[in-house]
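Everything on this sheet refers to the single structure shown next.
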Amino acid sequence: MTVKDRRIHLFLQVFFLFVGLYQIILLINSLQTGQFSGNLFEFQNNNLPALSMGATIIVALTSLVSSFSLWTRATWTYGFTLFSSGILFSYHLINLGPAIRQNSYEIIPIIFVLIVILQSFPFLIRRSYRSA
């Protein structure tokens, strides 16, 4: 592993940790503000709150597991992190539309996450191919 690969590895480890914590904070914030008021299994704003919360929890947990696996340098790290990046990318890409319509300040972290994930795909593909 070269110095450049080590730096990318460390950056991705910290990035996935922060993204996982950010998703958990957003979920707690939406629960405290009453965004999901009423029944969780009734449609609200063309959205089912139980599925939104489930998707947020899955994204947060996979990001935190990816960060932990990058820290431990397990053999399955890069494959799982690539899988987690795909989930994270699709989750934020889907949430970009409502963020544009409702709150334009939410676009900044979403775009940052999308750009970092797109730039990390070649590294993760190369490393997962070598570790197999």
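For the reader, a short list of remarks on this structure follows.
- Scan of segment 90-104 for residues that are touching a Leu at 6+ places or on another chain (Cβ under 7 Å) and either at pLDDT below 90 or surrounded by fewer than 17 Cβ atoms within 10 Å (Cβ to Cβ) (or both), ordered by number: Leu93
- The set of residues from segment 51-69 being of a type in the set (Gly, Ala, Ser) and loosely packed, with under 13 Cβ neighbours inside 10 Å comprises just one member, Gly54.
- Yes/no for Ile107 being of a type in the set (Val, Ile, Thr), within 10 Å of the chain's Cα centre (by Cα) and open to solvent by 40 Å² or more (accessible area, probe 1.4 Å): no
- For beta carbons closer than 6 Å, sequence separation of 6+ or different chains, a first residue in segment 38-50 that is open to solvent by 70 Å² or more (accessible area, probe 1.4 Å) and a second that is part of a helix (DSSP H, G or I) and at pLDDT 75 or above, the qualifying pairs are Phe41/Ala50.
- Of all residues in segment 70-87 being open to solvent by less than 30 Å² (accessible area, probe 1.4 Å) and β-branched (Val, Ile, Thr), the one that is nearest to Val113 (Cα to Cα): Thr81
- Residues of segment 8-38 satisfying the condition of being of a type in the set (Gly, Ala, Ser) and assigned to a loop (DSSP other than H, G, I, E, B): Gly34, Ser37, Gly38
- The condition of being at positive phi and either among the aliphatic types (A, V, I, L, M) or out of contact with any strand residue (DSSP E or B) (no Cβ under 9 Å at 6 or more places or on another chain) (or both) holds for only one of Arg73, Arg101, that being Arg73.
- Selection within segment 23-48 - modelled with pLDDT of 80 or more and within 20 Å of Ser90 (Cβ to Cβ): Gln23, Ile24, Leu26, Leu27, Ser30, Leu48
- Failed item in (1) open to solvent by less than 70 Å² (accessible area, probe 1.4 Å); (2) β-branched (Val, Ile, Thr); (3) over 9 Å from the mean Cα position of the chain (by Cα); (4) closer than 28 Å to Pro122 by Cβ, with Ile24 passing the rest: (4)
The values are calculated or read from the model by the stated rules, or taken from the named source; none is laboratory data. Just so you know, these numbers come straight off a predicted model, no measurement behind them. Don't worry about glycine lacking a Cβ; one is built from the backbone with ideal geometry, like all the others, and counts go over all protein chains shown. Calculation scope for accessible area: heavy atoms of the full protein, side chains included, ligands and nucleic acids excluded. Shrake-Rupley method; radii C 1.70, N 1.55, O 1.52, S 1.80 Å.
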